[in-house]
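*Asks:* Input: one structure, supplied below.
The numbers here are math on the coordinates, done by the rules we state, and not lab data. Here the structure is a predicted model, which is why all the values come from computation and not from measurement. A quick note on method: Cβ atoms are made from the backbone with ideal geometry, for glycine too, and the neighbour counts reach across all protein chains shown.
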Amino acid sequence: MPKSSEKEYLSTLTRISHAITSDLYLEDILKLIVNLTAGVMGAEICALWLLDEEAGELRIRATQAMSQEYLKERAIKVGEGIVGLVAEEAEPLVIKDVSQDDRYKEKQLAKKEGLISMLSVPMMVKEKVIGVINVYTVEKHDFTKSDIELLSAVANQAAVAIENTELMVKTKVIQEELETRKKVEKAKGILMRQQDLSEDEAYKLLRKSSMNKRISMKEVAEAVILSFEISGGKK
């Protein structure tokens, strides 16, 4: 495993940092992270797993590996295998030879891919584990303190990217809900005045139209508002 210089380490972290603040989609950011990490660490495979808290398991989300066997979707329970153990204990773990470690559960796949040494680190956000990043080498390798620090820095930057993306998605959903609510309220007011309906009757009319036309309440409300504006606001 060729060693990278401190300059290359810093360059990798800088590129990842720039990706996080860019307009790239999360999937593209994660792919970039595993590609850059594998390159700077001289690893055969870099894989990123994210935690599904409700299911209590981790699922592979990004890897630069070309093997279809490795790329297929897999899930590991928290506490099981190396990935699950790292997620549970929130501590990096080095395995000198995965074929000789009883905790490693995918020995056949590792043998097929020629994987030997492994470094696994948790992805942390405010002391909370949200995933795990692994790197593998095809020769026995002693991962150094610098290797662990680099991968931990990458893992935490990836965690920031995920947290920021999820926050943006939640914010967008909330904004859309508020916008829909405002439009529905405005449409209700128009129907109440135009058809002399109660608030409940106006809402039921909007909902019925939404169901019959198989479109959203927001679209129905927008149509009512548009019709009202075209007519010049006449009853």
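*Asks:* Sort 27-35, 52-60 by packing, meaning the average of other beta carbons within 10 Å per residue, with the highest value first.
*Replies:* Order by mean packing, descending: 27-35, 52-60.
*Asks:* Would segment 90-210 count as rounded, prolate or oblate if I go by the C-alpha gyration tensor, calling it rounded below 1.5 in a/c and otherwise prolate when a/b exceeds b/c, oblate otherwise?
*Replies:* Note, shape of segment 90-210 comes out prolate.
*Asks:* In addition: State, to one decimal in nm, how far the label point of ASN164 lies from the label point of ARG207, with both points 7 Å from Cα in the Cβ direction.
*Replies:* 4.1
*Asks:* Determine the shape class of segment 175-230: with a ≥ b ≥ c the square roots of the Cα gyration tensor eigenvalues, call it rounded for a/c under 1.5, and otherwise prolate if a/b is greater than b/c, oblate otherwise.
*Replies:* Taking the square roots of the gyration eigenvalues as a ≥ b ≥ c, segment 175-230 is rounded.
*Asks:* What are the ³J(HN,Hα) couplings of segment 150-157, residue after residue, when phi is run through the Karplus curve with 6.51, -1.76, 1.60 and θ = phi - 60°? Round to Hz, x for glycine and proline.
*Replies:* Rounded to whole hertz, the list is 5, 5, 5, 5, 4, 4, 6, 5.
*Asks:* I've got another one for you. From the backbone phi of segment 180-192, what are the Karplus-calculated ³J(HN,Hα) couplings (6.51 cos²θ - 1.76 cosθ + 1.60, θ = phi - 60°) in whole Hz, Gly and Pro given as x?
*Replies:* Rounded to whole hertz, the list is 4, 4, 5, 5, 5, 4, 5, 5, 4, x, 5, 5, 4.
*Asks:* Please list, ordered by chain and number, the residues whose modelled amide H lies under 5 Å from the amide H of ALA62; skip anything fewer than 5 residues away on the same chain.
*Replies:* So ALA62 has HN proximity to LEU48.
*Asks:* Let me ask something else. Take each of the peptides 137-146, 152-161, average the number of other beta-carbon atoms within 10 Å over its residues, and list them starting from the highest.
*Replies:* Listed from highest to lowest mean packing, they are 152-161, 137-146.
*Asks:* Quick one: Karplus J couplings for segment 141-149, per residue in order, coefficients 6.51, -1.76, 1.60, θ = phi - 60°, nearest Hz, x for Gly and Pro?
*Replies:* 9, 8, 5, 8, 4, 5, 4, 5, 5
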